[in-house]
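S.K.: Before anything else, here's the structure in question.
The values are calculated or read from the model by the stated rules, or taken from the named source; none is laboratory data. Just so it is clear, the model here is predicted, and its values are computed rather than measured. Virtual Cβ from ideal backbone geometry, glycine too; neighbours counted across all protein chains shown. Only protein heavy atoms, including side chains, enter the accessible area calculation; ligands, DNA and RNA are left aside. Shrake-Rupley method; radii C 1.70, N 1.55, O 1.52, S 1.80 Å.
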Amino acid sequence: MNKSTSTFLPDLIIVGGGLAGLTAGVRAAQLGLRPLVLEQGDGQDYPCNSRQSGGILHIGFHDPCRPSQELVDIIERLTGGAAKPELARALAQTGSRLVSWLQGQGTKFMRFNPQEGYRWCMAPPRALRAGIDWKKRGPDLLLRQLARSLVELGGKLQLRTRAEALLIQDGHCVGVRGACDGQQVEWLARHCVLADGGFQANPQLVEQYIAPRFQALFQRGAGNARGDGLRMAQAAGAALTDCSRFYGHLLCSDARHNDQVWPYPEIDAIATAGIVVDGSGRRCVDEGRAGVSLANELASREGQDKLYAVFDASIWNGPGTTARIPANPLLERAGGTILRADSVAELAGQMNVPAAVLGQTLDEYNQALQAGNLQDLEVPRSSKVQPYAIRHLPLMAIPICPGITYTMGGIDIDEHAQVLDTRQQPIPGLFAAGATTGGLEGGKGSTYIGGLIKAGCFGLLAAERIACLEGKSVTVSRPEANQASTDLEAGHRPVEPRPAQGDRVHGLARFPILNMVARHRKALAAITAVVTGAVVVALGWPLLSWYVLPIALIVAGISLVAVLGLGELVVLVTEFLMPE
């Protein structure tokens with residue numbers, strides 16, 4: 001076993017180069033520390049879920065810039081109280097600060113659509129098309145910039161390196177053992193941050209905690225998170241949260257051989273509006289819950305080799321068109337299988353399920369829906385998602401499978417991202433952030449709070465806690481964020497708040513002419529109307545005398561509407577493209 005002979009002596013070692021790891025690394029370097037980031041991938045676009053994500057920062061699809069108590073209440077409501085209160089508080093108090101911090105790293109944001117949860121989308125966003133489309137999109141550009149910033153600030157990113165074990169002395173984490181380019185190496189540091197992204201690509205762990213058969217799940221993300229951090233932390237005495245839930249969506253099962261139909265479009269909206277049947281032709285799950293819950297439920301079932309979303313033309317032309325990247329029409333364009341039939345028997349034949357059973361399933365479902373007693377079905381259906389009758393021709397079906405993006409349970413941490421042992425005490429020197437941790441998402445409802453926001457916020461918090469422990473002066477950009485750090489251990493410097501954003505200029509302030517049009521559009525419209533009317537009168541009076549006045553009024557009115565419309569267009573574009 002060789003110890004690292006590099007002249008670079010890190011203050012902290014970070015396992016994983018996704019958003020959580022690079023955020024922790026860059027923030028630590030900003031605070032005067034020397035971070036070493038160990039990443040198993042290679043190249044400037046090494047695979048990770050953060051890079052391949054949609055790039056949207058949200059907290060349960062709500063704006064992270066809401067007041068923190070509102071966000072805490074939202075998390076508690078969405079998770080049914082399953083989220084650890086201290087983690088919910090820390091996320092709520094840090095979300096808007098993460099947005100500002102990322103802007104300071106050069107990230108551009110735009111509003112993807114009018115819904116609140118899509119306010120902060122990294123630009124440029126994914127194209128609205130099926131298939132894999134992440135290169136040179138917002139998250140890819142962000143990670144590349146963070147990697148450059150890490151090195152420029154004196155940190156180090158070491159690729160082709162996989163951590164294998166933590167070095168523990170007298171109960172303290174003092175380093176990491178792993179392999180770099182095939183060589184066994186030990187790296188020593190006073191602190192270690194585990195940020196390797198969960199265990200969704202580890203067959204043994206997935207079958208232990210999530211699904212009876214690993215192969216029943218399709219890897220919807222990068223597929224390289226093998227639970228190294230979780231395994232190493234547990235060996236060091238760390239406690240684990242409930243690890244039985246994951247974030248994912250339903251996909252067309254053609255994803256197993258067609259890269260054009262994953263990670264988008266999702267089939268969630270169609271499956272939850274219609275029904276899901278197995279190879280017997282019977283319903284097998286409560287479709288009335290959200291798509292993430294449905295994916296979890298289907299993954300946990302034994303022997304589900306064949307699954308179909310069954311629906312009709314009204315669902316295909318309704319909910320099938322509503323997703324951000326909708327199945328209708330993108331799935332068919334991408335070559336995904338969509339079965340259509342003018343009778344139940346014909347559809348059953350295409351699905352290779354018993355026609356009589358499928359017919360009975362549809363009849364019972366439609367009758368229960370009409371009678372308002374879906375709860376009385378053999379597999380009761382809840383009503384969180386609106387059910388549709390399945391009667392309009394053509395009857396349709398899509399072969400589906402649950403797709404896993406990342407695991408939502410894992411290492412137990414506190415609000416400073418410190419790893420906790422089985423007595424709920426911090427393990428000295430050991431931190432964790434991102435999808436390798438638990439306690440915030442998941443729960444019985446498989447609640448999704450937001451992978452990127454969780455990764456970035458706890459990456460920041462881990463770096464700042466380490467800096468405090470190292471005696472560094474730490475400032476944050478939002479006074480509220482200081483609330484998460486008021487219980488620092490005696491003898492360490494507290495977090496000192498400072499005004500957000502400094503002298504940075506965002507939004508229309510950078511465009512004075514457009515800013516003037518947006519702010520004073522009514523006055524400008526009125527002035528333009530008066531001036532235009534006066535010009536028409538002056539030019540037309542010699543020829544038309546008093547007859548020119550109605551013409552001038554019409555022209556002035558058109559000018560008024562045109563300038564008001566221009567002002568509203570400026571506001572609209574600003575709202576969508578510059579949410580800050």
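S.K.: Sort 50-58, 372-380, 387-395 by packing, meaning the average of other beta carbons within 10 Å per residue, with the highest value first.
M.R.: Final packing ranking: 50-58, 387-395, 372-380.
S.K.: How big is D for region 182-228, in µm² s⁻¹ as a whole number, if Stokes-Einstein is applied with the Kirkwood radius of its Cα pairs at 4 °C and 1.567 mPa s?
M.R.: 103
S.K.: Also, quick follow-up: Calculate the radius of gyration of the Cα atoms of region 257-301 to one decimal place, then report Dmax, the largest Cα-Cα distance, as a whole number, both in Å.
M.R.: Every Cα atom of region 257-301 included, Rg and Dmax give 11.3, 29 Å.
S.K.: Please work out how much accessible surface residue 535 shows to a 1.4 Å probe, ignoring ligands, DNA and RNA, in Å² rounded to 10.
M.R.: 70
S.K.: Ok, one more. What does the convex hull of the Cα atoms of region 223-350 come to per residue, in Å³, rounded to a whole number?
M.R.: Hull volume over Cα atoms, normalised by residue count, gives 134 Å³.
S.K.: Here's something else I'd like to know. Here are a few candidate values for semi-axes √(5λ) of the Cα gyration tensor in Å: (1) 44, 39, 20; (2) 40, 32, 24; (3) 66, 22, 22. Which one was actually calculated from the structure I just gave you?
M.R.: Working out semi-axes √(5λ) of the Cα gyration tensor in Å from the coordinates points to (1).
S.K.: Picking from 293, 375, 390, whose Cα lies most toward the positive end of the charge dipole for region 250-400 (charges on Cβ: Lys, Arg +1; Asp, Glu -1)?
M.R.: 293
S.K.: OK, next. State which entries of 135/156; 135/444; 136/384; 108/156; 135/454; 84/135 exceed 27 angstrom in Cα-Cα distance in the structure shown.
M.R.: The answer is 135/444; 136/384; 84/135.
S.K.: Further, regarding this structure: Pull out a ≥ b ≥ c, the square roots of the eigenvalues of the alpha-carbon gyration tensor of region 149-197, then state rounded if a/c is under 1.5, prolate if not and a/b is larger than b/c, and oblate in the remaining case.
M.R.: oblate
S.K.: Now for a separate question. Pop a pseudo-label 7 angstrom from the Cα along the beta-carbon direction at both residue 425 and residue 128 and give the gap in nm to one decimal.
M.R.: Label at residue 425, label at residue 128, 5.6 nm between them.
S.K.: Multiply the residue separation of residue 356 and residue 44 by 0.36 nm, subtract the distance between their alpha-carbon atoms, and state the gained length in nm to one decimal.
M.R.: Here the segment from residue 356 to residue 44 would lengthen by 106.8 nm.
S.K.: Taking 0.36 nm per residue of sequence separation and subtracting the Cα-Cα distance, how much length would be gained by fully extending the chain between residue 235 and residue 135, in nm to one decimal?
M.R.: 32.3 nm
S.K.: Classify region 293-371 as rounded, prolate or oblate, taking a ≥ b ≥ c as the square roots of the eigenvalues of its Cα gyration tensor: rounded when a/c is under 1.5, otherwise prolate if a/b is larger than b/c and oblate if not.
M.R.: rounded
S.K.: Turning to a different aspect of this structure: Specify whether the C-alpha gyration tensor of region 95-229 places it in the rounded, prolate or oblate class, a ≥ b ≥ c being the square roots of the eigenvalues: rounded for a/c under 1.5, otherwise prolate if a/b is larger than b/c and oblate if not.
M.R.: oblate
S.K.: What helices does the chain have that are whole DSSP H segments, at least 20 Å long along their own axis by Cα, and with mean Kyte-Doolittle hydropathy of -0.5 or more?
M.R.: Helices meeting the span and hydropathy rule in the chain are 85-104, 138-152, 355-371, 451-469, 521-544, 548-577.
S.K.: Turning to a different aspect of this structure: Using a 1.4 angstrom probe on the protein heavy atoms only, could you order 423, 256 from most to least accessible area?
M.R.: In descending accessible area the options line up as 423, 256.
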